[in-house]
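Structure, as structure tokens:
No value in this document is a laboratory result; all are computed from the given coordinates. Because the structure is predicted, anything quoted here is derived from the model rather than measured. Positions of Cβ are backbone-derived with ideal geometry, glycine not excepted, and every protein chain shown enters the neighbour counts.
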Amino acid sequence: MLNHQNTVVIGTQFGDEGKGKIVDLLTADHDIVVRFQAGNNAGHTLVVDGKQFIQKLIPSGILNPGKICVIGNGVVVDINVLIEEIENLQNAGVVFDEFMISERTHVIMPYHIEIDAIEEEMKGNLKAGTTKKGIGPCYSDKIARFGIRMIDLLNKSMLARKIKTALLRHERMLGLKKFDPDELAETYFRLGQQLQGYIINISVFLDKALQKGQPILFEGAQGTHIDVEHGIYPYGTSSNTVSATACTGTGLGPKAIDKILGVVKAYTTRVGPGPFPAELPQNQSTHLRKRGREFGAVTNRPRRCGWLDLVMLRHSIRVNSIDEFALTKIDVLSGMEKIRVCYAYKIQTDQGVEEIDHFPADMDVLAKVTPLYVEHNGWTEDISQCNHYDQLPTAAKNYIDWIEEQTGIPIRLISNGAGRENILYRNI
Ligand code: IMP
């Protein structure tokens with residue numbers, strides 16, 4: 001189908017671009033699928049043979065029998081969610097061949113979930129609208145070196161010491177008192193025992209696989225614009241969502257990567273607060289939200305919807321070194337008379353009005369930009385039945401060609417529906 005290369009798949013917008021399905025498809029050409037960042041804040045919705053799966057932790061590749069699925073050290077894992085996910089997949093009859101998790105992966109503890117809510121409350125209108133899964137506090141404990149790793153779960157005395165120290169920090173800093181360190185150490189040691197067989201040094205494992213020529217697919221979660229450094233800080237998530245994290249989050253170097261595929265939804269959505277220049281007003285976004293079923297896979301929150309934004313895409317192309325695009329949910333645009341795309345922003349400066357084509361870091365500036373649009377003709381046909389690119393209506397092809405022209409990135413895959421079969425290959 002495509003070629004056997006070590007490929008990174010990342011989101012180019014605010015997340016929810018439909019990466020899960022693309023990863024699921026590309027898995028056929030790879031032996032190993034690795035998650036390298038985020039946790040159960042990210043949900044991938046997949047439809048296989050009409051059956052829906054929402055994967056939060058285990059790489060979506062698990063639905064392809066015979067593939068090795070790996071959780072990298074850059075991920076943060078809620079052990080209870082992981083165990084539940086393993087059981088659910090097994091109950092659904094999914095063949096659970098080979099699954100492993102890095103010994104260096106950090107564990108989301110119950111106190112992280114509690115702190116997530118406390119910190120959000122503290123932040124007022126600077127809050128990110130988190131998924132309340134303890135992601136940020138887990139990453140901040142990791143960076144402050146108070147974290148608990150998978151390997152620690154297997155060492156009872158180390159685990160007890162680490163939990164005690166972390167709780168001391170949180171008690172002093174936040175007044176958090178409700179957790180009993182001994183009880184937690186006991187529980188998490190027990191959970192660790194359940195997962196013991198999966199915990200390995202994945203850097204060594206993946207390096208051996210590379211040497212044997214086994215192609216690896218690096219599965220990104222979320223999107224570039226909620227990256228902790230390159231996104232809409234402080235409204236985004238607490239991990240790096242960009243392609244370089246495929247290396248730091250697995251223990252491989254940049255030369256391990258052959259190709260970076262950016263997933264672009266044909267319009268833009270966002271869950272959570274913060275500036276969103278090309279956002280549509282509530283009363284004009286019903287078509288996209290309804291047809292695109294734009295509700296959070298993890299939180300079920302309605303997603304904010306807007307037009308495709310080339311300023312965002314250019315930023316993503318640069319910070320990720322994107323080679324190719326997969327364009328998703330193009331079928332959702334069917335029935336719209338006109339389709340707009342933002343190509344630049346207008347901002348007011350001391351010198352007057354200026355047109356910019358880069359994404360501002362100052363959230364106050366970003367909140368005030370005026371998006372400049374190009375308007376395209378829409379199409380009325382339902383395109384989810386198209387099997388070839390050539391069958392698409394001319395207006396849809398024009399829209400696709402234009403995005404390609406403006407960004408300079410070839411669009412290789414076009415997803416025209418939720419199912420595995422709804423995919424159009426192009427220029428291959
Ligand atoms: P957190 O990752 O739960 O800390 O949430 C931080 C921000 O990232 C919030 O605005 C979330 O809505 C957003 N976010 C986290 N995960 C996802 C995702 O998978 N898709 C889209 N937005 C996400």
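Here the extension length gained between VAL81 and THR165 equals 27.8 nm, from 0.36 nm per residue of separation less the Cα-Cα distance. Applying both filters, DSSP loop and at most 15 other Cβ atoms within 10 Å, to the trypsin sites (Lys or Arg not before Pro) of segment 272-301 gives ARG293. The lysines within cross-link reach of LYS51, meaning a Cα-to-Cα straight distance under 18 Å and a gap of 8 or more places when in the same chain, are LYS19, LYS21. About its Cα centre, the dipole of segment 47-171 is roughly 480 debye, where the only charges are +1 on Lys and Arg Cβ and -1 on Asp and Glu Cβ.
3J(HN,Hα) along segment 207-221: 4, 4, 4, 4, 4, 7, x, 7, x, 10, 10, 9, 9, x, 10 Hz, from the Karplus curve 6.51 cos²θ - 1.76 cosθ + 1.60 with θ = phi - 60°, whole Hz, x for Gly and Pro. One chain, two ends: GLN5 and ARG172. Fully extended at 0.36 nm per residue, the span grows by 55.2 nm beyond their Cα-Cα distance. Only one residue of ASN201, THR187, THR130 has its Cα farthest out toward the positive end of the dipole of segment 128-201, where Lys and Arg carry +1 and Asp and Glu -1 on Cβ, and that residue is THR130. Since only GLY175, GLY223, GLN351 are under comparison, the one whose Cα sits farthest along the positive direction of the charge dipole of the chain, derived from C-beta charges on Lys, Arg, Asp and Glu, is GLY175.
Our coupling estimate for segment 286-298, obtained by passing each phi through the Karplus curve with A = 6.51, B = -1.76, C = 1.60 and θ = phi - 60°, is 4, 4, 5, 5, 6, 5, x, 6, 8, 10, x, 5, 9 Hz, Gly and Pro reported as x.
The dipole here belongs to the chain: it is taken about the Cα centre, uses +1 on the Cβ of Lys and Arg and -1 on the Cβ of Asp and Glu, and is about 720 debye.
Between the amide H of ARG340 and those of HIS376, distances stay under 5 Å, these residues lying 5 or more places away or on another chain, with hydrogens modeled in the peptide plane. Between the residues GLN211, LEU310, ILE79, the greatest Cα displacement towards the positive end of the dipole of the chain, with unit charges on the Cβ of Lys, Arg, Asp and Glu, is found for ILE79. Annotation: amide H-H contacts under 5 Å for PHE218 (H modelled 1.01 Å from N, sequence separation of 5 or more, or interchain): THR7, VAL8, VAL9, VAL34. Each of the peptides 215-222, 385-392 was scored by the mean count of other Cβ atoms within 10 Å over its residues; in descending order, highest first, they stand as 215-222, 385-392. Centroid-to-centroid, using Cα positions, segment 73-96 and segment 16-56 are 13 Å apart. The dipole here belongs to segment 1-100: it is taken about the Cα centre, uses +1 on the Cβ of Lys and Arg and -1 on the Cβ of Asp and Glu, and is about 180 debye.
Mind checking which of ASN283, ASN201, ASN416 has the largest fluctuation in a GNM of the chain, springs on alpha carbons under 10 Å? Its mean-square fluctuation being the largest, the pick is ASN283. Rounded to the nearest 10 degrees, the inclination of helix 181-195 to the longest alpha-carbon principal axis of the chain is 70 degrees. Look at the alpha carbon pairs under 8 Å that are at least 6 residues apart: their mean separation over the length of the chain gives a relative contact order of 19 percent. For VAL263, the residues whose amide H sits under 5 Å from its own are ILE10, GLY11, THR12, ALA326, ignoring neighbours fewer than 5 places away on the same chain, with H placed 1.01 Å from N.
At R0 = 30 Å, how high is the FRET efficiency between SER384 and ALA28 if r is their beta carbon distance? Nearest 0.05 is fine. So, using R0 = 30 Å, E works out to roughly 0.90. Computed 3J(HN,Hα) for segment 114-122, one whole-Hz value per residue from the Karplus formula 6.51 cos²θ - 1.76 cosθ + 1.60 where θ = phi - 60°, is 4, 5, 3, 5, 4, 5, 4, 4, 4, glycine and proline marked x.
The calculated FRET efficiency for the pair GLU405 and GLN194, based on their C-beta separation and a Förster distance of 51 Å, comes to about 0.45.
Taking every alpha-carbon pair under 8 Å whose residues sit at least 6 apart, segment 1-83 reaches a relative contact order of 30 percent.
What's the FRET efficiency of THR370 with ARG145 using the Cβ-Cβ distance as r and R₀ = 30 Å, to the nearest 0.05?
0.10
Give me the distance between the Cα centres of segment 124-183 and segment 243-314, rounded to whole Å. Between the Cα centre of segment 124-183 and that of segment 243-314, the gap is 29 Å.
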